[in-house]
Amino acid sequence: MTYTTRIKEEIVKSDINKSEKICELSGYIRFAAVIKDTISITLENASVTRRIYKHIKEIFNIQPRITIRNQKRFRIKQIYILEINEKVEYILHFLNITENKKKILPTEYFLTNKEEKIAYLQGIFLASGTINDPASSGYHLEIVTNMSREAVYVTNLFRELGIMAKHIKRNSKYMVYIKNAEVISEIIRMFKATTSYFYFEDIRIYRDHKNMVNRLNNCEIANQEKTINTGLKQLEDIKYLKENDLYSLLDDSTRIVLDYREKYPETSLKELADIISLETDYTIGKSGVNHHFIKIRNLIKKHKEKKN
């Protein structure tokens, strides 16, 4: 069972009131049904099929015709087809799906509150939505539709609920998508898929913690490399001073710092300052150590300029 299937299985187990059922059914039929003289809905999930069947029966007091077929593609699976042959015009008009034989999108008078908007999005997600398993891939939610205006409508509907979504054209279809982990988590919670929500959050927290540790490790490695490179450059400066008889020009405090740098070539300036302060009578801080090396660097620079 895929992660998307697990979420949908949880959604269809949740209880909603009659107005929310109407909105959910409208969203599902709008994005999944083939509408001609009849309403034909093809489903792959038995639980979703039962949910849609019960909605139709309860709201319109009719029983859709059910056809079960075995589909042989990679593996054998059952396909469920619901067909509505009666009250078609009335149902489509009631669900705000058609106007003069043309499919239309729900009006502001149809989705009157937050709960109805969520229920409508639930219906759309049950029809054509997917969410990647966070344990096996990146964070990604998408809803696929055939029409540009449907993608724009769903994007705007998400935004009305404070959720930022984007849409693009992909081949001949349009895709509404979200890649933000926190937003996807909020949508799963909003759909009342509690178990899937906690699973998603556990994976997200673990991955965030792992990424933070990796960043800290990378930062520590970079700092170590920087410390080593600084120490090597300072050793080269000390060598230059000695080879060019400049060491005698230094004061006692600078000589102490340089002697300890030769003894501890891989320590940071802070660590070097602490060692000098601990082992000698010369108390010095990190900035003081750095000051001495700036001084010898300037001495070397002047010497090179004089030689040139």
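Past the 23 angstrom mark, what percentage of all C-alpha to C-alpha distances in region 213-308 do you count? Show your work: numbers first, answer last.
Values: 1348 of 4560 pairs.
Tail of the P(r) past 23 Å holds 30 percent of the pairs.
Evaluate the distance, in nm, between pseudo-label points positioned 7 Å from the Cα of LYS307 and of THR42 along their respective Cα→Cβ axes.
8.2 nm
For region 244-254, take each phi angle, set θ = phi - 60°, evaluate the Karplus expression 6.51 cos²θ - 1.76 cosθ + 1.60, and give the result in whole Hz per residue in order, putting x for glycine and proline.
10, 6, 9, 4, 5, 7, 7, 7, 4, 5, 5
Please state the charge dipole magnitude for region 210-307, taken about the Cα centre, from unit charges on C-beta atoms (+1 on K and R, -1 on D and E), reported in debye and rounded to the nearest 20.
Working: 18 positive and 16 negative charges, 119 e Å.
It works out to roughly 580 debye.
In square nanometres, what is the average projected area of the Cα convex hull of region 148-253?
Details: hull surface 56.9 nm².
Reported value for the Cα convex hull: 14.2 nm².
Put +1 on the Cβ of every Lys and Arg and -1 on every Asp and Glu Cβ in the chain; which of ILE300, TYR53, ASN218 then has its Cα farthest towards the positive end of the dipole?
TYR53
For q values of 0.12, 0.22 Å⁻¹, compute log₁₀ I(q)/I(0) with the Debye formula on a Cα-only model of region 1-72, without solvent.
Once normalised to I(0) and log-transformed, intensities are -0.34, -1.15.
According to a simple spin-label model (label point 7 Å from Cα along Cα-to-Cβ), what is the distance in nm between MET175 and MET1?
2.6 nm
Assuming 0.36 nm per residue, please report the length gained on full extension of the stretch ASP15 to ARG159 beyond their Cα-Cα distance. Please list the in-between numbers first.
On the way: separation 144, 0.36 × 144 = 51.84 nm, distance 2.47 nm.
That works out to 49.4 nm of additional length.
Given a Förster distance of 25 Å, report the FRET efficiency between GLU262 and HIS291 from their Cβ-Cβ distance, rounded to the nearest 0.05.
Numbers: r = 18 Å, r/R0 = 0.73.
That pair, GLU262 with HIS291, gives E of 0.85.
Say each of CYS219 and LEU278 gets a label point 7 Å from the Cα, pointing the same way as Cα to Cβ; how far apart are those two points in nm?
2.5 nm
Given the C-alpha atoms of the chain, compute the convex hull and give its volume per residue in Å³.
Values: hull volume 74.6 nm³, N = 308.
Dividing the Cα hull volume of the chain by its residues yields 242 Å³.
Computed from the coordinates by the stated procedures, all read-outs in this text should not be read as laboratory data. Worth saying up front: this structure is predicted, and the values here are computed from it rather than measured. Because the Cβ atoms are built from the backbone with ideal geometry, glycine has one as well, and the counts that use them run over all protein chains shown.
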